[in-house]
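The values are calculated or read from the model by the stated rules, or taken from the named source; none is laboratory data. Every value quoted in this text rests on a predicted model; they were computed, and no experiment measured them. No Cβ is skipped: glycine too gets one built from the backbone with ideal geometry, and neighbour counts run over all protein chains shown.
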Amino acid sequence: MTPARHTFLSAATVIGVGLFTASGAIAQDYDLVILNGRVMDPETRYDAIANVGVKDGQIAAITKDDLSGTKTIDASGHLVTAGFIDQHFHWTRPVGYKLALRDGVTTAMDLEAGADGRFINEWYEMHAGRSQVNYGTASSHEFARAAVLDGHSGGFDAPGAVLSARGGKNWADGVVDLETGNEALGIIDQGLRLGAVGVASTVGYFPGATAREMFEVQRLGGSYDRATFVHTRYTPGTSTTTVNGIQEVLANAAALDVPLSVNHFNNDGWRQVQELIIGLQNQGYNIWGEYYPYAAGSTTINAAFVAPEVWIDELGNSYEETLQDPETGEFYHRARYEKDVVEDPTKQIILYKMPVEDIPAWVALPGVVMASDAMMVPGGWDQLPWDIAYEDIPNAHPRTAGSHGKSLRLAREHDIPLMHVLATFSYNVAKHLGDTGLKSMQIRGRMQEGMAADIVVLDPRNVIDNSDYYVGTLPTTGIPYVVVNGAVVVEDSKVRADVFPGEAIRFPVQEEGRFVPLDESVWARDNLNMPEASHEMFEDITAD
């Protein structure tokens, strides 16, 4: 094992006008040229006014020389940089992608909830040739538990606690034994064999998972040199419990020397978590964390940590001040919570949990990635028409539409270096994933010749998020052009409906899996991997 260190759209629309022009019918050097923009690359720190030439889906030239092409964008006064990569994006459907594109996203992957390992092929086939952004998923720990503890078999992707509405809650509260544990690990392994980007674990939603189970899940991901992406235990929680939950997966990753992503650690205790992550990065571990620029989160009302015995009794919160219905804007009270959690257990809520004044500090953190944790809305899988007006989309958390725009605005308002923020959007996540061997990420997140032509053109002085907690689906403005694999998808701030250039972000399929079923001696070790001499010494001490 390599160490960790080191129904989609119908095509029918008219192309808009704006800065985008045709340069004539004569033969040209490039498919697309972007002229006179401020080109910024976080990896090399390149920052200069230059022209960009795109050919066959790749960046073919970055130069101060004159270029000509079949199509031209005049980017004067604008920034030209690598397309944004969102590793934590749950709304993997056309309308969700449409919002993401307006926020500058060229790659959107669900690496926290993921997809059922048995149906990874079907997930990728659903998107092939019909996606406007690059797409990817992970092999789901949660779905594997649901399969073996509740017999879940319908559907193949959804985030968080929605499974509780599909027949049983053993997936959340149940404890796997040797037999069911091996079966669940086998399902995760099947997904990894089929090319899933990594392992997705929402362990914070299933308190029944043991420490041994989490250790073996991370070991399995590491056997493929792939990361485990974790919504950790006790998140959200106190500054102590949140850190303790994250320390579990950090310790596992360090002991096993495997990659790890700590998802949305912008909760109580985030300062200590950042110190832990940076300390491990400085020792060469491929471990990273993510933030989103909001003081409130979003989940389903039946989440374990929202239950009154946790949220009210243990954490000292009140529903009246922290639990909001995004559809009405109203806050909950105990009686309404108890009614809705029974009648509509997968209803989305907004959960206020952090001080607003902390947000700029998250944007400025070194060594992190920005990931939106974008949530779908009612009807968002298949029922919403692609051409629905943004204001008519059912309300969602504003992070779905505005995370990148808000981070850019906060950077502008708080004098946070633009190059730093761009790195958290693109290069940082591409680097971490590329270091796991994922070739499609080794050519993304970089504004360099020879890289994939995923490009964003934005106005750093005027880009702004427009969504809030009451209207969470208004798109970011100030990002007039987005290019995916050389194709212009957002043109003059309008998402075209006739182009589907998205490519699969995926490992090659392998003929055989790598999971070796555990036996009872392994399952009972309880993490005590002492050498034989230590066992003998322990026996001598106990004999005395």
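When residues in region 397-417 are screened for being of a type in the set (A, V, I, L, M, F, W, C) and under 11 Å from PRO460 (Cβ atoms), 2 of them pass. Identify, by number, the condition in (1) surrounded by fewer than 23 Cβ atoms within 10 Å (Cβ to Cβ); (2) touching a Pro at 6+ places or on another chain (Cβ under 6 Å); (3) on the phi < 0 side of the Ramachandran plot that GLN272 doesn't meet. With respect to (1) surrounded by fewer than 23 Cβ atoms within 10 Å (Cβ to Cβ); (2) touching a Pro at 6+ places or on another chain (Cβ under 6 Å); (3) on the phi < 0 side of the Ramachandran plot, GLN272 is out only on (2). Restricting attention to region 217-240, report how many residues are β-branched (Val, Ile, Thr), out of contact with any Asp or Glu (no Cβ under 7 Å at 6 or more places or on another chain) and farther than 14 Å from VAL203 by Cα. Residues in region 217-240 being β-branched (Val, Ile, Thr), out of contact with any Asp or Glu (no Cβ under 7 Å at 6 or more places or on another chain) and farther than 14 Å from VAL203 by Cα: 1 in total. Exactly one residue out of ASP103, ASP74 is of a type in the set (Asp, Glu) and either touching a strand residue (DSSP E or B) at 6+ places or on another chain (Cβ under 6 Å) or farther than 26 Å from GLY472 by Cβ (or both): that is ASP74. Among the residues of region 407-443, those that are in a loop (DSSP other than H, G, I, E, B), of a type outside the set (Gly, Ala, Ser) and either out of contact with any strand residue (DSSP E or B) (no Cβ under 7 Å at 6 or more places or on another chain) or closer than 21 Å to ALA48 by Cβ (or both) comprise HIS414, ASP415, ILE416, PRO417, ASP435, THR436, LEU438.
Of THR322, THR242, THR235, THR328, all but one fail to be crowded, with 22+ Cβ neighbours inside 10 Å and closer than 30 Å to GLY379 by Cα; the exception is THR235.
Taking the stated definitions as given, is ALA396 surrounded by 22 or more Cβ atoms within 10 Å (Cβ to Cβ) and either more than 24 Å from PHE265 (Cβ to Cβ) or hydrophobic (A, V, I, L, M, F, W, C) (or both)? Considered against the rule, which asks whether it is surrounded by 22 or more Cβ atoms within 10 Å (Cβ to Cβ) and either more than 24 Å from PHE265 (Cβ to Cβ) or hydrophobic (A, V, I, L, M, F, W, C) (or both), ALA396 comes out as yes.
Can you find, within region 40-68, the residue that is surrounded by the fewest Cβ atoms within 10 Å (Cβ to Cβ) among those that are of a type in the set (Lys, Arg) and out of contact with any helix residue (DSSP H, G or I) (no Cβ under 8 Å at 6 or more places or on another chain)? Looking at residues that are of a type in the set (Lys, Arg) and out of contact with any helix residue (DSSP H, G or I) (no Cβ under 8 Å at 6 or more places or on another chain), I get LYS64.
Results for (1) among the charged types (D, E, K, R); (2) modelled with pLDDT under 95; (3) touching a Phe, Trp or Tyr at 6+ places or on another chain (Cβ under 9 Å), shown as yes or no for each residue.
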{"residue": "GLN132", "(1), (2), (3)": "no, no, yes"}
{"residue": "TYR135", "(1), (2), (3)": "no, no, yes"}
{"residue": "GLY154", "(1), (2), (3)": "no, yes, no"}
{"residue": "ARG166", "(1), (2), (3)": "yes, yes, no"}
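Output the residue which, of all residues in region 217-230 that are buried (at least 24 other Cβ atoms within 10 Å of the Cβ) and touching a Gly at 6+ places or on another chain (Cβ under 7 Å), is farthest from VAL509 (Cα to Cα). That would be PHE229. In region 191-286, counting only strands (runs of 3 or more DSSP E) that sit wholly within it, the ones holding 3 or more residues that are at pLDDT 95 or above and not aromatic (Phe, Trp, Tyr) span 199-201, 260-262.
When each of GLY24, GLY37, GLY77 is tested for being modelled with pLDDT under 95 and not charged (D, E, K, R), the lone residue that passes is GLY24.
Looking only at residues in region 299-342 that are more than 21 Å from PRO398 (Cβ to Cβ) and of a type in the set (Val, Ile, Thr), the one that is modelled with the highest pLDDT is ILE312.
If the condition is being touching a Phe, Trp or Tyr at 6+ places or on another chain (Cβ under 6 Å), closer than 17 Å to MET375 by Cα and of a type outside the set (A, V, I, L, M), then region 282-328 contributes TYR291, GLN324.
Just one residue in the set LEU101, LEU111 is modelled with pLDDT of 95 or more and in a strand (DSSP E or B); that residue is LEU111.
When ALA147 is tested against the conditions (1) among the small types (Gly, Ala, Ser); (2) part of a helix (DSSP H, G or I); (3) modelled with pLDDT of 95 or more, the lone failure is (3).
Cβ separations smaller than 7 Å between residues 6+ apart or across chains give the following pairs from region 480-494 residues that are under 14 Å from ARG444 (Cα atoms) and surrounded by 22 or more Cβ atoms within 10 Å (Cβ to Cβ) to residues that are modelled with pLDDT of 95 or more and charged (D, E, K, R): VAL483/ASP454; VAL484/ASP454; ASN485/ASP454; ASN485/GLU503. Consider region 103-126 and keep the residues that are surrounded by fewer than 24 Cβ atoms within 10 Å (Cβ to Cβ) and of a type in the set (D, E, K, R). The one that is nearest to VAL148 (Cα to Cα) is ARG118.
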